[in-house]
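Here the structure is laid out as structure tokens; the discussion comes afterwards.
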Amino acid sequence: MGLIWCASSLTAKRFFYGKNKLIKFDSENALETFLFENREFVEDSIGLLAGELHRQVDFGCYGRVDFIHAAYVPDDIGPSIITVIELKNESIKASHAAQLCRYMTAIQEFIDGRFSDGDYMVNGVLIGPKTFPDLSDNCFLLQNISNVNCFEFSLCVDGLKFSLISEWRASGDFKTKEIKRILMGEEE
């Protein structure tokens, strides 16, 4: 059975050779449902190992996580990887990164004292619509949080696409003279 993607703005159409099913990402829940139903695509697109995807996991006082992805790895190969995935259907904000880190902290607190050091690694992924580069510092914040990646999704002619936000740089005049003076100990 063939699968062809077509998309425009916040609407994606999925065609099964004559059968047309419309998917709208008009809410975070709609995006979450779509990604859960296409979990292999998500694993491939954001670089996760094959594993189990759990939806709407309740962490009590820490909140409710959109997705927890668990990739269990044999002990002799390396740590099992738990990835917290938080979805947003709006521009990524600093508060979204803080929310993701809160969920990661909940998992880490559960792991600590129950498992040996190195048995598990906790990562975070924040997924939102294509908005970078914007005028905020959110992209810089996200690039400097350990074990956290941010992906933009966009709907284009080729379908749903995920792009890692890691190489965004400010445009304009970058004054290296001051940084060089500080780091190299040069006199003014």
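So for Asp75, Asp119, fewest C-beta neighbours within 10 Å to most, what's the order?
On the way: Asp75 10, Asp119 13.
Placing the least packed residue first, the sequence is Asp75, Asp119.
With θ taken as phi - 60° and the coefficients 6.51, -1.76 and 1.60, list the Karplus ³J(HN,Hα) couplings across the range 51-62 in order, rounded to whole Hz; mark glycine and proline as x.
x, 9, 10, 10, 10, 6, 8, 8, 9, x, 5, 7
Just to be sure I understand the model, the point goes 7 Å from the Cα along the line to the Cβ. What's the resulting Ile182 to Gln56 distance in nm?
Going by the 7 Å Cα→Cβ label model, 4.7 nm.
By count of other Cβ within 10 Å, fewest leading, how are Arg114, Arg102 ordered?
The fewest-first ordering by Cβ neighbours comes to Arg114, Arg102.
Can you give me the relative contact order of the range 28-166 as a percent, contacts being Cα pairs under 8 Å and 6 or more apart? Walk me through the numbers on the way to the answer.
Values: 228 pairs, mean separation 26.2, N = 139.
Computed over the range 28-166, the figure is 19 percent.
If you wrap a convex hull around the C-alpha atoms of the range 50-137 and split its volume per residue, what is the figure in Å³?
Given the Cα convex hull of the range 50-137, per-residue volume reads 119 Å³.
Percent antiparallel among DSSP beta bridges with both residues in the range 28-166, to the nearest 5? Working shown, then result.
Details: 17 of 32 bridges.
Roughly 55 percent of the beta bridges in the range 28-166 run antiparallel, per DSSP.
Between Met121 and Lys161, what is the spin-label point distance in nm, taking each point 7 Å from the Cα along the Cα→C-beta axis?
Roughly 2.8 nm, to one decimal.
Starting with the fewest neighbours, write out Ile111, Ile165 ranked by other beta-carbon atoms found within 10 Å of each beta-carbon. Intermediate results must be reported in sequence, preceding the final value.
Numbers: Ile111 17, Ile165 20.
Least to most surrounded, the residues fall as Ile111, Ile165.
Read the figures in this text as sums done on the coordinates, not as results from a lab. This structure is a prediction, so every number in the text was calculated from the model and none was measured. FYI the Cβ positions are ideal-geometry reconstructions off the backbone, even for glycines, and counts take in every protein chain you see.
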